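FYI, it's all coordinate maths here, none of it is from the lab. Source: prediction; values computed, not measured. We place every Cβ from the backbone using ideal geometry, glycine too, and count neighbours over all the protein chains shown.
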There are 2 protein chains.
Amino acid sequence: MLSKKSQYAFKALEYLTERYKQGPVLISEISKKKKIPLKFLENILLELKKAGILDSKKGKGGGYFLSKDPAKVKVATIVRLVNGPIAMLPCVSLYFYERCKHCDEKKCGLHDMMIEVRDASLGILENRTLKDLAS
Amino acid sequence: MLSKKSQYAFKALEYLTERYKQGPVLISEISKKKKIPLKFLENILLELKKAGILDSKKGKGGGYFLSKDPAKVKVATIVRLVNGPIAMLPCVSLYFYERCKHCDEKKCGLHDMMIEVRDASLGILENRTLKDLAS
DNA sequence: TCAATTCCCTACCAACCTGATAGACTTAAA
DNA sequence: TTTAAGTCTATCAGGTTGGTAGGGAATTGA
């Protein structure tokens, strides 16, 4: 399941997508409109900024805004960033791969199945963007 | 990601599938062969028993065994039982559904996408059984 | 009937994660 | 130089995860 943090992140990104190229948006505005605890949202937005998804401006008239075209930001990227691995096992994860300790990947039945599940999910998440989310 | 508990559960079930209809298998044997902490495994097997997946016999010559044909036990069932929801959001879960607090399911972009992801995953997990896992 | 064997049950624990808050600091505009 | 913002560090309660301890209950067989 996506963490609450991830759900908040998506809500905030949806809001910012709707306001793409309309100047900085206040954290407090997003917080109110999307009903996300202010200080928690701060952390999330900051993380998204550090990852290059968002950019910000300080001081009066400041706020957050998308740093690139929402049609170019994949949902899969956000999930990985905020929520972690998409795969159900470390040994089938593309971005968070870890070798199985006590099981040979070549003859592990779970392994192959979970690769299928991963690819099925990625087939969707890699082909949807923030723009799809907001429309 | 599947919890370690879930991974242990699948390993144990794989072992029991290989020994289907060959009499009870000791917890300690599964523990050794599959390298699963004994007491932790006890809990897991007990839970699987209570859910009707396994059955057991006490005393000498006792142990655990599958209570039905491994070809009839879906992987999806085990995942839900031991790991929880398969869907990425409560509001798109079939077995663990919860209404979204601050978002209208009808116009929530995430919602529709996550239904697709869920169905893609279920397309696999609902159509594989313990038997597929072991072979 | 008694002892050995095996699962069953309750309780507990440390470590970590999650969701959230507090407060001070920095930058920039007016 | 005041005010409006984002930035940073720290902290916290509560829950989950992975795992352990120890005795109880049922079954077998001698």
Any idea what the B:A134 label distances to the other copies are, label 7 Å down the Cα→Cβ vector, nm, shortest first? 5.3
Rh by Kirkwood over Cα pairs, then Stokes-Einstein D for segment B:47-111 at 1.567 mPa s and 4 °C, µm²/s: 89 µm²/s
Treating only Lys and Arg (+1) and Asp and Glu (-1) as charged, each at its beta carbon, one finds that chain B has a dipole about its Cα centre, in Debye to the nearest 20, of 740 debye
Amide H of A:V25 versus every other amide H placed in the peptide plane: which residues, excluding those fewer than 5 positions away on the same chain, fall under 5 Å? A:Y64, A:F65
Alpha carbon convex hull of segment B:14-75, volume per residue in cubic angstrom: 85 Å³
At q = 0.12, 0.19, 0.21 Å⁻¹, what is the base-10 log of I(q)/I(0) for segment B:15-135 according to the Debye formula with one equal point scatterer per Cα and no solvent? Please give it to two decimals. -0.56, -1.01, -1.15
When the Cα atoms of the protein assembly as shown are enclosed in a convex hull and the volume is divided per residue, what value in Å³ results? 134 Å³
State the Cα centre-to-centre distance between segment A:92-135 and segment B:48-105 in whole Å. 21 Å
Mean separation of Cα contacts under 8 Å (at least 6 apart) over the residue count of segment A:37-132, i.e. the relative contact order in percent, is 28 percent
How far apart are the A:D104 label points across copies, placing each 7 Å from Cα toward Cβ, in nm, shortest first? 5.7
Give me the one-decimal nm value for the distance between modelled label points at B:S3 and B:K33, 7 Å along each residue's Cα-to-Cβ direction. 2.6 nm
Among B:M88, A:M1, which comes first, second and so on when ranked by fewest other beta-carbon atoms within 10 Å? A:M1, B:M88
Defining the label point at 7 Å along Cα→Cβ, can you sort the distances from A:A71 to the same site in each other copy, shortest first, in nm? 5.1
Once you average over the residues of B:78-89, how many Cβ atoms of partner chains fall within 10 Å of each Cβ? 2
Could you tell me how many degrees, from 0 to 90 and to the nearest 10, lie between the Cα long axis of helix B:109-125 and the main elongation axis, the longest principal axis, of the Cα atoms of chain B? 30 degrees
Closest beta-carbon to the A-to-B rotation axis: which chain A residue owns it, and what is the separation in whole Å? A:A120, 2
If R₀ is 41 angstrom, what is the calculated FRET efficiency for the pair A:Y95 and B:K72, using the beta carbon separation as r and rounding to 0.05? 0.70
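Per the helix-only calculation at 222 nm, which mean residue ellipticity applies to chain B, given -39500 (n - 2.57) for every DSSP H run of n ≥ 4 and division by its residues, nearest 500 deg cm²/dmol?
Roughly -13500 deg cm²/dmol at 222 nm, from the helical runs in chain B.
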